[in-house]
Amino acid sequence: VGLVYMFNLIVGTGALTMPKAFATAGWLVSLVLLMFLGFMSYMTTTFVVEAMAAANAQLRWKRMEKRKDDEDEDSSSGVSDSDVLLQDGYERAETRPILSVQRRGSPNIFEITERVEMGQMASMFFNKVGVNLFYFCIIIYLYGDLAIYAAAVPVSLMQVTCSATGNHSCSVGDGTKYNDTDKCWGPIRRIDAYRLYLAAFTLLLGPFTFFNVQKTKYLQIMTSLMRWIAFILMIILALIRISRGQAEGHPSMAQLSGIRNLFGVCVYSFMCQHSLPSLITPISKKKHVNKLVLLDYILILAFYSLLSFTAIYCFRNDTLMDMYTLNFTNCEIINVAFIRYFLGLFPVFTISTNFPIIAVTLRNNWKTLFHREGGTYPWVVDRIVFPAITLIPPVLVAFCTHDLESLVGITGAYAGNGIQYLIPAFLAYCSRKDTQLVFGSGTVNKHLSPFRHTFWIVFVLIWGFSCFVFVTANIVLSESKL
């Protein structure tokens, strides 16, 4: 069940913008980059699992020390800290019942039984600057997420409703290029319709930011089911069209200009590291968790490849929409009205359920970042200021642009890069140093990553930093050309 949840978490909104990114970068470059980024994401996932095990061991060890201090308060008054550190291995063996030592063995201190979120791991293993940088990265990523969601819903509604009127009935995906200034209904232009939908979306879902919402199991099951139906429908419809010889796509092998956006989209589409503690901790038998996660990644890689390849061979490059579902609102592709509207409006249903959850997560991260030890916030700051700074920036970004491919690309390339590569690599490095300091150099973490050599951590860090430089240089160069 944990792995099904992980699959659902990874295969999200990013997948809908992938076909367009594949088409603009060329099929060979896209496939190679997708496989490489999938491998990198898997590697950093194993780093996070390792850091979770180290964090569990630290918490367990602190509790054992506290219990021991309570019991031996009188007798240990003359013992120095260095004596305790030197004897720690002997002391632990002495304080634990013999039966449990024989049955479990000492490595079981690394069992992942307690959920330790990434923020908590950052505060355990990083210094103050590291913790603040971690929260900054998470907050920027969540802002990007909210901006993507705030733009995706009105874009879908605008495309479906504007083309369902007048002479343009069901012609969204027929290759007609619409400008934002084109008429939608009467005097109202398409951009006006988009902004009206954005205002309605903000008024309906924005207030949830001011309250606490919990992700309900049934809501998750429903959205997962709809997502699967939509993705499978799109793959089948594209395959039918290709098999009938109606395919129009002639994708190029490589176009270097499209790599920047593709990189961001792929990073965004493999994102799950920030939610791993909630997914991995409840799994009862974690012995083969890395192998099972690898299986998940292979399935996701196959799924993304199938979705993107059927898309780029079925549709011409210039007709592929930012939001792939909108290509199926054309009568020529599918003449069943219900399926057309279901796929066209699919992002509206699924994204709308996620928006309040991400908004509340972002609001809580802001509170944690500014939290003073033992202090509480005034009512106005707690209930008005934090929700407002959470909601207003992404809505303003969505008001200024609805270029989803760029929004996903920039979010993935910057904040996503930090969360997926840099933070897990630093967590693995710092947790290993901490483990050696507390438990001695001979102790082996049972959930140690298969990529245990320091070379892999250095490789991930170099890759992450070089990606920052590459993406920034690419943006600067393309802006200067404009």
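The values are calculated or read from the model by the stated rules, or taken from the named source; none is laboratory data. Everything numeric in this text was worked out from a predicted model, so none of it was measured. Here the Cβ is made from the backbone with ideal geometry for all residues, glycine too, and neighbour counts use every protein chain on show. What goes into the accessible areas is simple: the full protein's heavy atoms, side chains included, and nothing from ligands, DNA or RNA. Shrake-Rupley method; radii C 1.70, N 1.55, O 1.52, S 1.80 Å.
Of the peptides 182-193, 62-73, 266-277, 384-395, how do they stack up when ordered by the mean number of other Cβ atoms within 10 Å, highest first? Don't skip to the end; give the middle numbers.
Working: 182-193: 14.8, 62-73: 11.7, 266-277: 24.3, 384-395: 17.8.
Most protected by this proxy first, the peptides run 266-277, 384-395, 182-193, 62-73.
Legend: residues HIS447, HIS402, sorted from most to least accessible area (1.4 Å probe; ligands, DNA and RNA excluded), read HIS402, HIS447. Close amide H partners of PHE315, meaning residues 5 or more places away or on another chain with modelled amide H under 5 Å apart, are GLU248, GLY249.
The H on the amide N of ASN330, modeled in the peptide plane, is under 5 Å from the matching H of GLY173, each at least 5 residues off or on a different chain. With just the Cα atoms defining each centre, how far is region 326-384 from region 269-286? Give it in Å. Each part's Cα centre sits 21 Å from the other's. For the pair region 2-56 and region 422-482, the centres of their Cα atoms are 16 angstrom apart.
Expressed as cubic angstrom per residue, what is the convex hull volume of the alpha carbon set of the chain? Please list the in-between numbers first.
Numbers: hull volume 81.2 nm³, N = 482.
Value for the chain: 168 Å³ per residue.
Near the amide H of CYS184, within less than 5 Å, lie the amide hydrogens of ARG189, ARG190, all on another chain or at least 5 residues away, with H placed in the peptide plane.
In this label model, LEU477 and TRP185 are separated by 4.6 nm, measuring between points 7 Å along each Cα→Cβ vector. In this simple spin-label approximation, PHE210 and TRP228 carry label points 7 Å from Cα along the Cα→Cβ vector, and these lie 3.8 nm apart.
So what's the net charge close to ALA311: Lys and Arg +1, Asp and Glu -1, counting the other residues with Cβ under 13 Å from its Cβ?
Once positives and negatives cancel, what remains is +1.
For the chain, complete DSSP H runs whose alpha carbons reach 20 Å or more along their own long axis and whose mean Kyte-Doolittle score is 0.0 or higher are 27-71, 128-163, 190-205, 217-243, 289-314, 337-369, 386-400, 423-439, 454-481.
Given the pairs LYS291/LYS433; LYS128/LYS285; LYS128/LYS291; LYS287/LYS367, which are separated by over 32 angstrom at their Cα positions? Over 32 Å apart, Cα to Cα: LYS128/LYS285; LYS128/LYS291; LYS287/LYS367.
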